[in-house]
1. Just to confirm my numbers, what's the Cα centroid distance between the range 29-48 and the range 87-141 in Å?
2. Can you sort Met111, Met148, Met186 so the residue with the fewest Cβ neighbours within 10 Å comes first?
3. For Ile100 and Asp138, calculate 0.36 nm times their separation in residues minus their Cα-Cα distance, and state this gained length in nm to one decimal.
4. Taking 0.36 nm per intervening residue step and subtracting the Cα-Cα distance, what contour gain separates Ser195 from Ile58 on full extension?
5. What FRET efficiency comes out for Leu176 versus Val11 if R0 is 22 angstrom and r is the Cβ-Cβ distance? Round to the nearest 0.05.
6. Mean residue ellipticity at 222 nm from the helices of the chain, using -39,500 (n - 2.57) per DSSP H segment of n ≥ 4 over the full residue count, to the nearest 500 deg cm²/dmol?
7. Considering all projection directions equally, how large on average is the shadow of the alpha-carbon convex hull of the chain, in square nanometres?
8. Which net charge results for the neighbourhood of Ile31, defined as the other residues with beta-carbon distances under 15 angstrom from its beta-carbon, given Lys and Arg at +1 and Asp and Glu at -1?
Amino acid sequence: MSPILSWIVIVSIAITSVGLLLARDWRWLIIFLSVQYIGVFILALQHWPLGMATVKVIAGWMSAAILGMTRSNLEEEEDTNILPQGRFFRFIAAGVVGLIVATGAPLVDAMMADAGMAVSAGSLLLIGMGLLHLGVTDQVMRVTVGLMTILAGFEILYAAVENSILVAALLAVINLGLALVGSYLMIASNVEEESETEPV
């Protein structure tokens, strides 16, 4: 892959991961997550054949579809569980993560000589932004998206080390399992809220 395309993918991953952090509407969360998996696919394609890399994007899109369908069947509610509330704070925190990634990516690339700078930077960016996402929210859907972002970053880095079909399938099953657990928890919390608001 050409260096220009590599950095276009890194920029798109940065935009989608920051978008996941700043978006308030769940529809934008699903869109950003789906676009993010295209970047994961392109970076995994550097070390895996087309068939194995395609598993990443299909599993990611299926997971996003599961979360989106579940959320669309729940009542609309104001997203008030993100702390701290300021978008400016989250944007600055994302910038700090970006600086850490820019500093750490050459070290990771030196330790994993065959990974490539774009793969190292993309994976560290996703892992860092996913951890930041987990740190600023307690909403079930956003926690699930944060975990899926961390896993996507790990998958990119692990693709440079291992090219086993069984491992690719196992990681895809973990992605789908995360989405199913997140959907179940969203439904369960919604049922609990409805039972609390019902008059006795």
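No lab work stands behind these numbers, since they all come straight from the coordinates. In this text, all values refer to a predicted model and were calculated from it rather than measured experimentally. Neighbour counts are summed over all protein chains in view; Cβ atoms, including those assigned to glycine, are modelled from backbone coordinates with ideal geometry.
1. 15
2. On the way: Met111 9, Met148 27, Met186 20.
Placing the least packed residue first, the sequence is Met111, Met186, Met148.
3. Details: separation 38, 0.36 × 38 = 13.68 nm, distance 2.42 nm.
Length difference between fully extended and current span is 11.3 nm.
4. Details: separation 137, 0.36 × 137 = 49.32 nm, distance 3.63 nm.
Separation in residues times 0.36 nm, less the Cα-Cα distance, equals 45.7 nm.
5. Working: r = 28 Å, r/R0 = 1.28.
Plugging the Cβ-Cβ distance into 1/(1 + (r/R0)^6) gives 0.20.
6. Working: 7 runs with 159 residues, N = 200.
Taken over the chain, the calculation gives -28000 deg cm²/dmol.
7. On the way: hull surface 45.2 nm².
Reported value for the Cα convex hull: 11.3 nm².
8. Details: positive: Arg24, Arg27, Arg71, Arg142; negative: Asp25.
It works out to a net charge of +3.
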